[in-house]
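Scroll down for the structure; my scribbles are underneath it.
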């Protein structure tokens, strides 16, 4: 995750609330599609994993699931998920090349500053194996700001995200939009995209 202290503080204080809110991911169609797209025994990364619910579902499906988050309370919850290897790290600490068959960045990179997103996406492209799959979820809109809880967000349009992914070497495969209620109690529009890593 980002190093915005106010955002991290919210997640530290509300870690269990967030875990409760994400308790049931079994019916999540995006996660199910991501898991189904992975080869048997694939190595995957849950980036900005929060309490690690998604990583837990990946591990339960037989994938080798890594999970990273900048909040120690979230890492502890993720590490408690059977089969999940979790550690504390920010977006800038992601390293490695050709490591993952898939990366799940579900509503985590929206906390990064706009100027930082290109380098984060480039790092994800490097970390993916050629042909690897990136799932990215972001809130849509323009500009940046803080929600009622104090969390920092950067908002993007679909065209902006597609261009940023292409610049990082990731070919967008498909996208879906919707709106959901978040931890702050507000309903906000979002987009999820899947992209394929080209040869690194």
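Count of region 48-76 residues, restricted to those that are in a helix (DSSP H, G or I) and touching a helix residue (DSSP H, G or I) at 6+ places or on another chain (Cβ under 7 Å), is 6.
The residue that is nearest to the chain's Cα centre (by Cα), among those in region 77-122 that are under 14 Å from residue 64 (Cα atoms) and in a strand (DSSP E or B), is 104. A count restricted to region 123-169 and to residues that are over 24 Å from residue 28 (Cα atoms), outside any strand (DSSP E or B), in contact with a strand residue (DSSP E or B) (Cβ under 9 Å, 6 or more places away or on another chain) and in contact (Cβ under 8 Å) with a residue 24 or more places away in the chain stands at 7. The requirement of being surrounded by fewer than 17 Cβ atoms within 10 Å (Cβ to Cβ), modelled with pLDDT of 95 or more, in contact with a helix residue (DSSP H, G or I) (Cβ under 8 Å, 6 or more places away or on another chain) and under 30 Å from residue 20 (Cβ atoms) is fulfilled nowhere in region 160-169; no residue meets it. Look through region 96-116, keep the residues that are more than 14 Å from residue 44 (Cα to Cα) and out of contact with any strand residue (DSSP E or B) (no Cβ under 7 Å at 6 or more places or on another chain), and return whichever of them is surrounded by the fewest Cβ atoms within 10 Å (Cβ to Cβ). In this case the residue turns out to be 115.
Applying the set (1) under 24 Å from residue 32 (Cα atoms); (2) surrounded by 15 or more Cβ atoms within 10 Å (Cβ to Cβ) to residue 83 leaves exactly one unmet item: (2).
The values are calculated or read from the model by the stated rules, or taken from the named source; none is laboratory data. Everything numeric here is computed off the predicted structure, so don't read it as measured data. All Cβ positions, glycine included, derive from the backbone under ideal geometry; neighbour counts span all protein chains shown.
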